[in-house]
Structures are given as structure tokens and as C-alpha cells.
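> Before we start, here is the structure in question, set down as C-alpha cells.
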Amino acid sequence: MSNKKNIVPDPTSYISMIHVEPDCLDHPVTREILARAGNIPVEVISDDNQGIKDLGFYPKSLTAGKHHLLLGKNRGRFFKPCPGTKEYICCDYQVLNIGMNCPMDCVYCILQAYLNNPYLSFFVNIEDLLNELIEAFAQKPEQFWRIGTGEFTDSLALDRLTGLSRVLVQFMRDKDSAVLELKTKTAVVENLEGLDHGGRTIVAWSLNSPEIVAREELRTASLDQRLAAAARCASWGYKLAFHFDPIIYHSGWQDGYAETIKKLFAAVPKESIAWISMGCLRYLPSLKKIAGQRFPNSRFFHEEFIEGLDGKARYFRTLRLEMYQFIYQQLQQYADPETCIYLCMENNEIWQEVFGFTPDDRGGLPKMLDRAVK
Ligand code: SF4
């Protein structure tokens, strides 16, 4: 079931205004973006950001903010370990912060509770980003790095404007001790075609039941469009990954997730999949209020939740287990034995009950993932 039309949505078409920090105006990346932006109006903001348009009260401003792209410099660090929590098993991922927010609008998006301004932002000082990576790799040559750009935004949502994926994929091409994961809900992959990627980039999609995709993930590509894009990437030699996250309880969830999994393996060669994660919905308590105001017709926050050790709401253990076991059983019917199937932010007991082993039995989750791409 999908009410999305067959035209692949371009999230950048949602942008109606570009704002530029004055010291970025002459930056070559800014110039390239503005050249691609065509008729989108551009405004240079003042040095103290005072000129930036007030979009009204939070959280309603989040809706308006998705029309506005701010081009600026990242004056902090681009590259940081993922802020996992010590209470649950995390995958030791490194986050590359290319900008904040995205023009799509998922009801459960955690960014709604994190953002301190409603704008979409993109950092144009890509040269500093690459230098940070070069430095980090040189400082710890023994480390294997799994890097992702999809933590504070969608990795490809702005790619038609920024062209960043081409820069990153080509930079990573010969970095044997690292792999880059581009995680997306779009089907905007044409920038990845024809690149010498050296097998160092994994293109990843968040997947959900067709009903959740259609109802709770606004302006994203449909399930079929995502899978068609994944198949194209596989045909260009990229490794793929898929994330069933957030798994959301809803009426008919078994049929929905089973259908998605069936479609997934009908669309892409199983050998091309490096890893598949599963993670049940979890959210900061403040998110429920924000999303409730923005999406009053959405019902899934009204299920029963408990507070996890990380302060986030999550489903009861019995329900999480039931959903993981069901989805894992479906995945096992089709998946390649080399694909690493794992849980995101769960504990050893749940691992044991779902898979019959814990990450420690296999050298730890980071090592399991490293092995899937080394
Ligand atoms: S695609 Fe990702 S970043 Fe964009 S709104 Fe959805 S969850 Fe948030």
C-alpha cells in the first residue's frame, strides 16, 4: 500500500529560500550550490545572524524551517564518535556532521527535539571536513573507521544541490581503513553513478512497513522507489545496507514488515548487503509533545511505553522481542549468511533471545560490522 505518486521526490524542490553567511558567499562550494539552485531566491544574512528570518514559534517553526536552507561554515568539529549510550550496545560509529535537518518530515524524527534552530543548514567548508578525516586517519592508523553522514540530516536529501556525495565517495575511494555509509530515505542517487568508489562507500536506506512509509514519512521516496534506487547502486558496484529503524507497532505490522522484506530481497542481490539493523521506536519524552503538535493525527505515540535506561521511551520488552524475532525470522529466509544482522541500542539479553548469541560471543558489535566490510 502506498499513496505516493511514482515520481521520485526531490527533497531540494521544497527549498524556497537560501540564506548565506557573508563570509561564505565567495566560497567555491557556495557558488556551485547557488549555480545549481537556479531560481531559488538568495539572501545574504548579516554578520551577527540578525538578518535571518524569524520563522515564528517553536515547534511550528520547524515546518516553515524546512523551506529555508542556510549555507554557513562549521566552526566546530565535523567528525565525532556517535553519541551512543553506555546502557545499550552501540556500534561504535563515527558521525560526520555535514549539516543539520532535512526537508523531508518524518513524524518520529528525533531532530525535532534536538534542533536549536528550525532552518536546514549545510556546511560549505568541505576542505576542513576532509582535512579532519585525513588527520584522524593519520593519528590512529590501526583503527578501522565506520563513518556516517546521516545522523543530523539525511545523507542524500540535499545532494542535488550540494553534490557532496561525489566529493566524499571519491575521497574515500582509497581509504582502506575506513568505510563511509550514506544513509537516506530518498531515491536521489544519480550523483553516485560512474564514480570510482573503490568499495569504500555503502549506500543505505531506512526501511519500514509500507503503511508507515506512506503515513509517517512525509516527502520521502516510496518503498519501491527506495528499493529501485538501491538496485541501481548495487549495479554500480556499491555495497548496500538497510535499517529497519524505527520499527513501529501498528495494526497489521507483521504483514507490513514481511511485505517490505520480501520486496527488498526481490529488488537487490542479497550478496550486496553488508548489514541490516533492527531498532524499535525510541524517543525523548519531549518529542512526543512536539510531534503531537505538528502531526495531531498520528497515533503511534499513544501506545504503551516504558522509560529506558537512557531516559528514552521504548516499547515493553515483550513487544520489542516479539517484533525483533518476527522480523529476524523473515530476514533469515532470504539474507546472505555474510550479511551482518544486528540490533541497534539493545542489551545482551535481547540479543541472546533474538539471535541466540551476544555480540561478545563474536568479538563485539563493532568487530562484527567491521568484518562485514573489510
Ligand atoms: S529523513 Fe531522516 S532526517 Fe529527514 S525527517 Fe526523516 S528521520 Fe528526520
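The values are calculated or read from the model by the stated rules, or taken from the named source; none is laboratory data. For clarity, every value in this text was computed on a predicted model and none was experimentally measured. Cβ placement follows ideal geometry from the backbone for every residue including glycine, while neighbour counts extend to all protein chains displayed. We work out accessible area using only protein heavy atoms, side chains counted, and drop any ligands, DNA or RNA first. Shrake-Rupley method; radii C 1.70, N 1.55, O 1.52, S 1.80 Å.
> Does the range 93-101 contain any residue that is open to solvent by 50 Å² or more (accessible area, probe 1.4 Å), closer than 30 Å to H302 by Cα and in contact (Cβ under 8 Å) with a residue 40 or more places away in the chain?
Scanning the range 93-101, I find at least one residue that is open to solvent by 50 Å² or more (accessible area, probe 1.4 Å), closer than 30 Å to H302 by Cα and in contact (Cβ under 8 Å) with a residue 40 or more places away in the chain, so the answer is yes.
> Still on this model: Hey, W205 hits all of (1) assigned to a strand (DSSP E or B); (2) within 16 Å of the ligand (Cβ to nearest atom); (3) in contact (Cβ under 8 Å) with a residue 40 or more places away in the chain but one; which does it fall short on?
The number of the failed condition is (3).
> Which pairs turn up if I take residues in the range 155-166 that are under 14 Å from Y14 (Cα atoms) and look for partners that are away from the ligand (no atom under 15 Å from the Cβ) and of a type in the set (K, R) with beta carbon separation below 9 Å, at least 6 apart in sequence or on another chain?
D159/R166; R160/R36; L161/R36
> Follow-up. Looking at E151, E216 in this structure, which one is modelled with pLDDT under 95, in contact with a strand residue (DSSP E or B) (Cβ under 8 Å, 6 or more places away or on another chain) and on the phi < 0 side of the Ramachandran plot?
After ruling out the rest, the residue left standing is E151.
> Every residue in the range 145-198 that is within 16 Å of the ligand (Cβ to nearest atom), surrounded by fewer than 21 Cβ atoms within 10 Å (Cβ to Cβ) and among the aliphatic types (A, V, I, L, M), please.
Matches in the range 145-198: none.
> Among F300, F355, F305, which is the only one that is buried (at least 16 other Cβ atoms within 10 Å of the Cβ) and free of Cβ contacts under 8 Å to residues at least 24 places away in the same chain?
Going through F300, F355, F305 in turn, just one is buried (at least 16 other Cβ atoms within 10 Å of the Cβ) and free of Cβ contacts under 8 Å to residues at least 24 places away in the same chain: F305.
> While we're looking at this one, here's another question. Given the residues L309, L287, L264, which is the only one that is aliphatic (A, V, I, L, M), out of contact with any Leu (no Cβ under 8 Å at 6 or more places or on another chain) and assigned to a helix (DSSP H, G or I)?
When all the criteria are applied, what remains is L287.
> Looking at the range 88-112, which of the residues that are within 19 Å of G364 (Cβ to Cβ) and not in a strand (DSSP E or B) is farthest from the ligand (Cβ to nearest atom)? Break it down stepwise before answering.
Within the range 88-112, the subset within 19 Å of G364 (Cβ to Cβ) is 88-94.
Checking the rest, the ones that are also not in a strand (DSSP E or B) come to 88, 90-93.
Numbers: Y88: 20, C90: 19, C91: 18, D92: 21, Y93: 16 Å.
Step by step, filter the range 88-112, then rank; the result is D92.
> Residues in the range 358-369: is at least one open to solvent by 10 Å² or more (accessible area, probe 1.4 Å), farther than 24 Å from F144 by Cα and assigned to a helix (DSSP H, G or I)?
no
> Return the residues of the range 119-142 that are surrounded by 21 or more Cβ atoms within 10 Å (Cβ to Cβ), assigned to a loop (DSSP other than H, G, I, E, B) and not aromatic (F, W, Y); say none if nothing qualifies.
Scanning the range 119-142 gives a single hit, V124.
> Tell me, please, whether a residue that is crowded, with 21+ Cβ neighbours inside 10 Å and in contact (Cβ under 8 Å) with a residue 40 or more places away in the chain can be found in the range 74-88.
Checked against the condition, which is being crowded, with 21+ Cβ neighbours inside 10 Å and in contact (Cβ under 8 Å) with a residue 40 or more places away in the chain, the range 74-88 yields no hits at all.
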